[in-house]
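Here's the structure we're looking at; comments come further down.
The values are calculated or read from the model by the stated rules, or taken from the named source; none is laboratory data. Being a predicted model, the structure only gives us computed values, none of them experimental. Quick reminder, even Gly has a Cβ in these numbers, built from the backbone with ideal geometry, and neighbours come from all protein chains shown.
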Amino acid sequence: MDAEVRVDAALVEDAAARLAGVVERTPLVRSPRLSKRVGGEVWLKREDLQVVRSYKVRGAYNVIAQLDPEARSRGVVCASAGNHGQGLAYACAALGVHGRIYLPRNTPRQKRDRITAVGGDAIDIVVTGETYDEAAYAAYSHAVASGATLVPAFDDPRTIAGQGTVAMEIVEQLGRAPDVVVLPVGGGGLLAGCATWLRERHPGVRIVGVEPAGAANVAAAVAAGHPVDLVDLDTFVDGAAVRRAGELTTPLIARSGAELVTAEEGRVCVELLEMYSTDGIVAEPAGALASAALGPVVQIVPGQTVVCVLSGGNNDVSRYSEIVERAAVFEGRKHYFLVEFPQEPGALRRFLDEVLGPEDDITLFEYVKRNNRDTGPALVGIELADADDLGPLLARMKAAPPKIEQISNTSPLFRFLL
């Protein structure tokens, strides 16, 4: 199926008719917090309130619903970082088709459990590979061997068209086209579908795709003129941690003229915490990509109407300690040091009295005492009340007797701390 011929606004509209009454028409909600941040009118398209808490069900159902009886009898298979798997599980249960879902090992337990709950006996789960791309290869191999239909998470015209229905709903609910639409980007299916429909039906809309800084595969593909493999891949934003962009999504995105930007993983963590504490929204990291970039990365003209797609809410609550940690490091409030303490009584007390400020907090202290040495090394994590407190802290450390070395976030040691 040729993306250049088949993926157009009409295909997206056909998908919308097919999905009517099957998937949720998710709310479009104004965000006072984000509106204040940019000085415009910011709305959130709440795909985290979708039937499987993610927009991915749109594409998966659109593919499976179009299979003929013979293809359905052979079953379907997909690879997923979690959300596409839930979408496929829902579609399989609804349409009476058996599915097999391959998940990378970094898929949060919460997403695995939700896939099982949604699909029940209609699906089997196979956990394999360290990344989405390795799971995708396993799914492809199974499809070839078994004759099952492969349901791509993003690189299929029917999947792309299904995801594009998000843009249709935004315009219908707003009553007009917004000035700016900001979307999260993993493999590019959501961006390709929405950008294709918007460019045909509302060409004046500014379209921005936001990738994780550690997984910017679509920008790399557009720059090269074809998909390329990322050498390094940060899998923290698991729903968008894709090493290679799609063969179909890449030319569609390039042709649409959509802007591509990145958001640092730490910035995403800050946004996740803001969503939780201020808005009462539990989003997953990929779901916070679009709004995380709004303002600092994606500049908005005051008074413009902006829609950010909150793509999913399948977050594992056990990850929040890591999210808090990453947010504090990104904001400059959390720092780590190696301290050579003299092995003598009162050394720690002097460090606390002479080095720490009144609002500084030790959050990590690991000390190894060496009986045959004059000093003992300690790994110390310090959280500041304000990032501006770092300068005075470093000055006090320089004046203090112990040898103290700050651990840079570029140090190989740092990756063991986060």
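Observations
- Scanning the range 272-302 for residues that are of a type outside the set (S, T, N, Q) and surrounded by 24 or more Cβ atoms within 10 Å (Cβ to Cβ) yields a count of 13.
- Residue match in the range 234-246 (condition: under 25 Å from GLY129 (Cβ atoms), out of contact with any Leu (no Cβ under 8 Å at 6 or more places or on another chain), hydroxyl-bearing (Ser, Thr, Tyr) and in a helix (DSSP H, G or I)): no
- The condition of being within 23 Å of THR249 (Cα to Cα), surrounded by fewer than 24 Cβ atoms within 10 Å (Cβ to Cβ), at pLDDT below 95 and of a type in the set (S, T, N, Q) does not hold for THR149.
- Entry remark, the range 138-161: residues being in contact with a Leu (Cβ under 7 Å, 6 or more places away or on another chain), within 17 Å of ILE123 (Cβ to Cβ) and among the small types (Gly, Ala, Ser) number 2 in total.
- Across the range 152-170, the qualifying residues are those that are at pLDDT 95 or above, of a type in the set (A, V, I, L, M) and in contact with a strand residue (DSSP E or B) (Cβ under 9 Å, 6 or more places away or on another chain), and the one among them that is farthest from VAL306 (Cα to Cα) is VAL166.
- Residue pairs whose Cβ atoms lie under 6 Å apart, sitting 6 or more positions apart in sequence or on different chains, and linking a residue in the range 63-87 that is assigned by TED's automatic domain parsing to the domain that holds TYR140 and in a helix (DSSP H, G or I) to a partner that is of a type in the set (D, E, K, R) and surrounded by fewer than 24 Cβ atoms within 10 Å (Cβ to Cβ), are GLN86/ARG114.
- Residue match in the range 30-48 (condition: under 12 Å from GLN163 (Cα atoms), at pLDDT below 95 and not assigned by TED's automatic domain parsing to the domain that holds ASN106): no
- Matching strands (runs of 3 or more DSSP E) fully within the range 332-383 where at least 1 residues are among the hydrophobic types (A, V, I, L, M, F, W, C), farther than 21 Å from THR410 by Cα and in the same structural domain as LYS398 (by TED's automatic domain parsing): 334-342, 361-367
- Annotation note: of VAL97, VAL144, the sole residue that is modelled with pLDDT of 95 or more, assigned to a loop (DSSP other than H, G, I, E, B), out of contact with any Cys (no Cβ under 9 Å at 6 or more places or on another chain) and not charged (D, E, K, R) is VAL97.
- Only one of the numbered conditions (1) touching a residue at least 60 places away in the same chain (Cβ under 8 Å); (2) assigned to a strand (DSSP E or B) is not met by VAL126, and that is (1).
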